[in-house]
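As structure tokens, the structure follows; a few thoughts come after it.
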Amino acid sequence: LVPNEGTGGSAPVVTTVTLVPVSVSVENQATYDCIATVEDQNGDPVVNIGGTVISVNEATVTGVFAAPTDSNGVSTLTLTGESTGTTSVAVSFDNVVSNYITVTVAP
């Protein structure tokens, strides 16, 4: 994000990232969409910002964002089950890490 230099403004600062749902079950090689919501210090959405996926075990599940955050500060994360097991997944926007969710991949 680039500050609006014409008015001396500054880019919004990410302070809260929430990932839902908190528990996911997905079949092996199937996908499941989660929602990441990104807000600034005033609770306003942070738009057009990309995130990264933090997975405790990428052999169990991988995640990819569909696009940067929209006008509501929301981005869709698609998780894909890679092998049977349970892992934790979080996302990070501007080095602010979300809550971890539990992902179980069924056979």
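The values are calculated or read from the model by the stated rules, or taken from the named source; none is laboratory data. Note that this is a predicted model, so its numbers are computed, not measured. Note: ideal-geometry Cβ built from the backbone for every residue, glycine included; neighbour counts use all protein chains shown. What goes into the accessible areas is simple: the full protein's heavy atoms, side chains included, and nothing from ligands, DNA or RNA. Shrake-Rupley method; radii C 1.70, N 1.55, O 1.52, S 1.80 Å.
Comparing mean-square fluctuations of ALA66, ALA36, ALA11 from a GNM of the chain with C-alpha springs under 10 Å, the top value falls on ALA11.
Per-residue surface analysis assigns LEU79 an accessible area of about 0 Å², computed on protein heavy atoms at 1.4 Å probe radius. Ordered from largest to smallest accessible area (heavy atoms of protein chains, 1.4 Å probe), the residues THR60, THR86, THR102 come out as THR86, THR102, THR60.
Computed with a 1.4 Å probe on the full set of protein chains, the accessible area for GLU27 sits at about 120 Å². Result for the chain in a Gaussian network model with C-alpha springs under 10 Å: among VAL22, VAL61, VAL38, the largest mean-square fluctuation is at VAL22. Once Lys and Arg get +1 and Asp and Glu get -1 on their Cβ, which of PRO21, GLN41, PRO68 lies farthest toward the positive end of the dipole of the chain? Final value for the positive-end residue is PRO21.
Between the labelled values (1) 16.1, 52; (2) 15.2, 56; (3) 16.2, 60, the entry that holds Rg and Dmax of the Cα atoms in Å as derived from this structure is (2).
Only the Cβ atoms of Lys and Arg (+1) and of Asp and Glu (-1) were treated as charged; on that basis the dipole of the chain about its Cα centre amounts to roughly 180 debye. Ligands, DNA and RNA left out, the 1.4 Å accessible surface of the chain is 50% carbon and sulfur atoms.
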